[in-house]
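Novice: My questions will all concern the structure given below.
The values are calculated or read from the model by the stated rules, or taken from the named source; none is laboratory data. These numbers were taken from a predicted model, which means no experiment stands behind them. Only protein heavy atoms, including side chains, enter the accessible area calculation; ligands, DNA and RNA are left aside. Shrake-Rupley method; radii C 1.70, N 1.55, O 1.52, S 1.80 Å.
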Amino acid sequence: ADGRAAGPIGATRIALGDVHAPALALGARSHAGRGFAITSEPLEQASVFDRVDLRGELPQGWEVELYVNEVLRASTGAAAQGRYEFADVPLAYGANVVRLAFYGPRGERREEVRRITVGNGQLAEGQAVASFGIVQQGRALYEPRRPYTDEPPLADPGFDTIRATFSVARGFAGGLTAGAGLARYAPDAGGERSLATASLAGSLGGVALRTDAARDDAGGTGAVLAVAGRPGSASVVARHAEYRGGFVDEQQVAVAERGAPLARSTDLRADLMTRGFGLAPTPVSLRARRDERSDGRSVLTAGAQVSSVAGRLVLANGLDYSRSLQPDAPPDRRLTGTFDGSGALGPGWQLRAGASYDVVPHFRVVGAGLTLDRDLSARTALRLGVQHAFDDASSTYVQAGLTWRLAACDVSLTGGYSTGTGYAQALLRVSMGALFDPLEGRYRAARPGAAPARAPALNALGAAD
């Protein structure tokens, strides 16, 4: 953590095996594969102009929610190779509290809290940091089965290619920080590209400024100007990018959409605390974005997310607006929303509820779900759940389950039924773990969760008078 690993390189993190190649500020983003990565960047610090990737272990049947400064940003229950990933997460200027809430299939709940300080990305005079990574994109270190085809998946045009990135930055007098980067990557079906970038960061009157420029060997160019500041208690970040010659910036979400390459993109986001209706301070996250492609099509998106506490419940609501404009075509407008709630409900009950709905072009509830967990005793737990889809094929899925917590394992019996398909299922699950007992000098059976848990082993000797 103090940057003294790997001798004169001053590394803070080294990874070998299934890793992620470091990202550049413009062009190449972080991507998974088998390979090697090393960096000397501080572990718990980041630039307000960059977005972070959050990854970790996610056992089968578990779900995880991401809260940034107590605003619900995302959730997932789909693990890829036993891991979760929240990519391109924006953080506010200053101190950020990132909370990951995990929910298990038998009513388990645990949290991980990380504190990340986000600044303007400037380095002290004479300070230097560097990052390097090379991976075989999309490939795992160990693949039990060979893929049926070597054709790249549609979602990963650079599958099986070698992706390499290198970046370096150094601080100079006057608060200026200069950086440069190189990359070899395959951003689209057009093949591999080589890329070079340069950056300059500084501050003026308490406002952070950064500019990046890049050029690839296919003749594409890109340039970005970003501004960030803290007016009052709010964090505001604005970013504008211009692209020419078919340049592909993987940092832009719109790149994932098929169509003509991006010509320009403007992004604005703000995070603040507000008071309303006599309630406690409420965190609010606002964002707006406009993407324009080289064929004249443009997409405007905007969103707001609010979280609040009502008693022992954490409530979150989000609205997302989009407007797509195409030449000689009427605009396509959509406004959608999500609502989530979790926490304690009454004596002994744990609640998780959620709903999604459309507002424009017409109001309708798309889906809703509710899960209740309760400990019936120290060794028995109950789970009840219901989910309903309000689409043309309206259907309801109900489930119930009991878990018995034994000394060496958990035994769960769950059942579910779907009214739409008439499908019913019953599942008997035995979950266990193993840990090394230093007092006995051997491994012994344990309940699930032994691997991530931490507990002391004590050998106490007493003497009686």
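Novice: With a probe of 1.4 Å, find how much accessible area region 345-459 has per residue, and write the answer as a whole number in Å². Before the final figure, lay out each step's value.
Specialist: On the way: 7560 Å² over 115 residues.
Accessible area per residue, region 345-459: 66 Å².
Novice: Additional query: Quick one: accessible surface of His20, probe radius 1.4 Å, all protein chains present, in square angstrom to the nearest 10.
Specialist: That residue has around 50 Å² of solvent-accessible surface.
Novice: Compute, for Tyr321, the solvent-accessible surface of its heavy atoms (probe 1.4 Å) with the complete set of protein chains present, and express it in square angstrom to the nearest 10.
Specialist: 70
Novice: Just by accessible area at a 1.4 angstrom probe, what is the order of Asp291, Asp18 from largest to smallest? Numbers along the way, then the final one.
Specialist: On the way: Asp291 15, Asp18 100 Å².
The most accessible residue leads, giving Asp18, Asp291.
Novice: Let me ask another. How would Leu384, Leu372 rank on accessible area, largest to smallest, probe 1.4 Å? It would help to have the intermediate numbers written out before the result.
Specialist: Details: Leu384 70, Leu372 40 Å².
Correct descending sequence by accessible area is Leu384, Leu372.
Novice: Full extension from Ala198 to Ala424: what is 0.36 nm times the residue separation minus their Cα-Cα distance, to one decimal in nm?
Specialist: Contour length minus Cα-Cα distance gives 75.5 nm.
Novice: For Val129, Val386, give the ranking by accessible area with the largest first, probe 1.4 Å.
Specialist: I get Val386, Val129, largest accessible area first.
Novice: Rounded to a whole number, what % of the accessible area of region 302-380 do carbon and sulfur atoms account for, probe 1.4 Å? Write out the running numbers ahead of the final one.
Specialist: On the way: 2750 of 4560 Å².
Exposed carbon and sulfur together represent 60 percent of the surface.
Novice: How far, in nm, would the chain grow between Arg99 and Val207 when pulled straight, counting 0.36 nm per residue and subtracting the alpha carbon separation?
Specialist: Contour length minus Cα-Cα distance gives 36.1 nm.
Novice: Could you state the number of Å between the C-alpha centres of region 305-382 and region 25-80?
Specialist: Computed from Cα coordinates, the inter-centre distance equals 23 Å.
Novice: Could you report the accessible area of Val97 in Å², rounded to 10, computed with a 1.4 Å probe on the protein chains as they sit in the structure?
Specialist: Number for this one is 50 Å².
Novice: Accessible area per residue of region 72-120 at 1.4 Å probe, in Å²?
Specialist: I get 44 Å² per residue for this part.
Novice: Sticking with this structure for a sec: With a 1.4 Å probe and all protein chains left in place, how much of the accessible area of region 1-93 comes from carbon and sulfur atoms, in whole percent?
Specialist: Looking at region 1-93 in its full context, I get 50 percent from C and S.
Novice: Please compute the contact order of the chain in relative form: average sequence separation of alpha-carbon pairs under 8 Å and at least six residues apart, divided by the residue count, as a percent. It would help to have the intermediate numbers written out before the result.
Specialist: Details: 1173 pairs, mean separation 37.4, N = 465.
Dividing the mean separation by the residue count of the chain yields 8 percent.
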